[in-house]
1. Are there any pairs, at least 6 apart or on different chains, whose C-beta atoms fall under 7 Å, with the first in segment 25-38 and within 24 Å of K15 (Cα to Cα) and the second at pLDDT 90 or above and among the acidic types (D, E), and if so, which?
2. Among residues belonging to segment 11-48 that are assigned to a helix (DSSP H, G or I) and surrounded by 10 or more Cβ atoms within 10 Å (Cβ to Cβ), point out the one that is nearest to the chain's Cα centre (by Cα).
3. Only one of these conditions is not met by D66: (1) surrounded by fewer than 10 Cβ atoms within 10 Å (Cβ to Cβ); (2) part of a helix (DSSP H, G or I); (3) modelled with pLDDT under 85. Which number is it?
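The values are calculated or read from the model by the stated rules, or taken from the named source; none is laboratory data. Remember, it's a predicted structure, so these values are computed and weren't measured experimentally. Please note: Cβ atoms are built from the backbone with ideal geometry, for glycine as well, and neighbour counts cover all protein chains shown.
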Amino acid sequence: MARKKKKDDKEKKEKSPKVNKELEGFDIRIDSFGEIRSTFNIDKINEFLNKNVEDKKLLERKDYDDITSKGKFKDEEE
């Protein structure tokens, strides 16, 4: 006899996660060839992450405050 699906299982699949307003409509999937498909440009995603996520690797740097206040490394300013 076939197992009946519970309503809870169906509801869990249909719910979309809570996201930041800037990322509304963002969807990412991996196709059958293993390629990443996204609804946003990678540059837009990186810009969002740079603005909203603290980089743990840079915390120990002496010039961390300069980097975070300007949003760029000194090499990138030119």
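1. Taking only residues 6 or more apart or on different chains, the pairs are R37/D31.
2. I45
3. Going through (1) surrounded by fewer than 10 Cβ atoms within 10 Å (Cβ to Cβ); (2) part of a helix (DSSP H, G or I); (3) modelled with pLDDT under 85 one by one, D66 breaks only (1).
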